[in-house]
Amino acid sequence: MSATAPDGSPVGLYATLAALGEPELIHEAVPPGSRILELGCGAGRITHELIVLGHSVTAVDNSAEMLSHVRGAETVLADIETLDLGRMFPVVVLASNFLNAPEQEELDAVLGACARHVADGGQVLLERMPPAWEPSTGTSTTGGVEMTLHDLVRDGALVSAVMEYRANGERWTHAFRAKLISDDEVDAALERAGLQRLRWLDGRRAWLEARPVSRGDAG
């Protein structure tokens, strides 16, 4: 498949990729049978496993081609930044690298969507690039997909590169820009959105749990 999402993500790749432990991490962090809003669901590699684990999922993505692969979930075609469903969820999940947006405005917009949709006392589970990640060119294989990073440019915390993927005789490329974000920057961004970090969910400090700040907490 040659279709790409608005951010350049190859649809065929994300329809091929398997989950890499994310559903189990989320499952362990939330109550059984949770009602989950998944922002940026892609082709459903996490969505489908969460459903198997007993959760109900409302899956949001801005690519109709990505959403066409999602099964068993309510799907919503929309941009995360401007999403307003008019309802709240006990769990909001923002996987992938949205926290690594190069521009603060984009970061604040996606976290604002999380804050708008999480219920009082609810959970927001977020993923970022691990702070210890050191981008370097080379080839590795994960989940049966061969990945080669090239055209790498590093300028302080800003990274731009092209990732090439190969699997099942197909090849995809995805150019990306990202900002490596520190713990302090994460906490500051959460505060701007009316959220606060509760804990890290993994040893790499890639996944975290946040909660909405209640009126009693603010002040």
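From most to least packed by mean Cβ count within 10 Å, the peptides 82-90, 29-37 give 29-37, 82-90. Where (i) 31, 17, 16; (ii) 27, 21, 16; (iii) 38, 18, 15 are the candidate values, the label of the one calculated here for semi-axes √(5λ) of the Cα gyration tensor in Å is (ii).
Here the stretch 35-63 is scanned for amide nitrogen atoms under 12 Å from the site 7 Å beyond the Cα of Arg71 along Cα-to-Cβ, giving 48-49, 52.
The largest accessible area among Trp172, Trp133 belongs to the first residue in Trp133, Trp172, and the rest follow in falling order (1.4 Å probe, all chains). Of Ala167, Gly194, Ser182, which is farthest along the charge dipole of the stretch 138-196 in the positive direction, counting Lys and Arg as +1 and Asp and Glu as -1 at C-beta? The residue sitting farthest along the positive end of the dipole is Ala167. When you restrict to C-alpha pairs under 8 Å that are six or more residues apart and normalise by the size of the chain, the relative contact order lands at 16 percent. For the chain, the Cβ-based charge dipole about the Cα centre amounts to some 360 debye (Lys, Arg positive; Asp, Glu negative; other atoms uncharged). Take 193-201, 38-46 and order them by the average number of nearby Cβ atoms within 10 Å per residue, most first; the result is 38-46, 193-201. Along the stretch 30-41 the Karplus relation, 6.51 cos²θ - 1.76 cosθ + 1.60 evaluated at θ = phi - 60°, assigns HN-Hα couplings of 10, x, x, x, 5, 9, 10, 9, 9, 8, x, 6 Hz to successive residues, with x for each Gly and Pro.
Solvent-accessible area of the stretch 1-96 (1.4 angstrom probe, protein heavy atoms only): carbon and sulfur portion equals 52 percent.
Estimated purely from DSSP H runs of n ≥ 4, each contributing -39500 (n - 2.57), the mean residue ellipticity at 222 nm for the chain is -6000 deg cm²/dmol once divided by its residues.
A Förster radius of 25 Å combined with the Cβ-Cβ distance from Ala119 to Ala78 puts the calculated FRET efficiency at roughly 0.80.
For Ile36, the residues whose amide H sits under 5 Å from its own are Ser56, Val57, Thr58, ignoring neighbours fewer than 5 places away on the same chain, with H placed 1.01 Å from N. Each Lys and Arg adds +1 at its Cβ and each Asp and Glu adds -1 at its Cβ; summed about the Cα centre, the stretch 114-219 shows a dipole of about 180 debye. For the residues Asp183, Asp7, Asp79, a 1.4 Å probe over the protein chains yields an accessible-area ranking, largest first, of Asp7, Asp79, Asp183.
At an R0 of 41 angstrom, the distance between the Cβ atoms of Val52 and Asp155 translates into a FRET efficiency of 0.50.
Which of Val118, Leu107, Val57 sits closest to the plus end of the dipole of the stretch 20-177, meaning its Cα is farthest towards the positive end, when Lys and Arg get +1 and Asp and Glu get -1 on the C-beta? Sorting the options by dipole projection puts first Val57.
The values are calculated or read from the model by the stated rules, or taken from the named source; none is laboratory data. Computed from a prediction, not measured in an experiment: that's the story for all the values here. All Cβ positions, glycine included, derive from the backbone under ideal geometry; neighbour counts span all protein chains shown. What goes into the accessible areas is simple: the full protein's heavy atoms, side chains included, and nothing from ligands, DNA or RNA. Shrake-Rupley method; radii C 1.70, N 1.55, O 1.52, S 1.80 Å.
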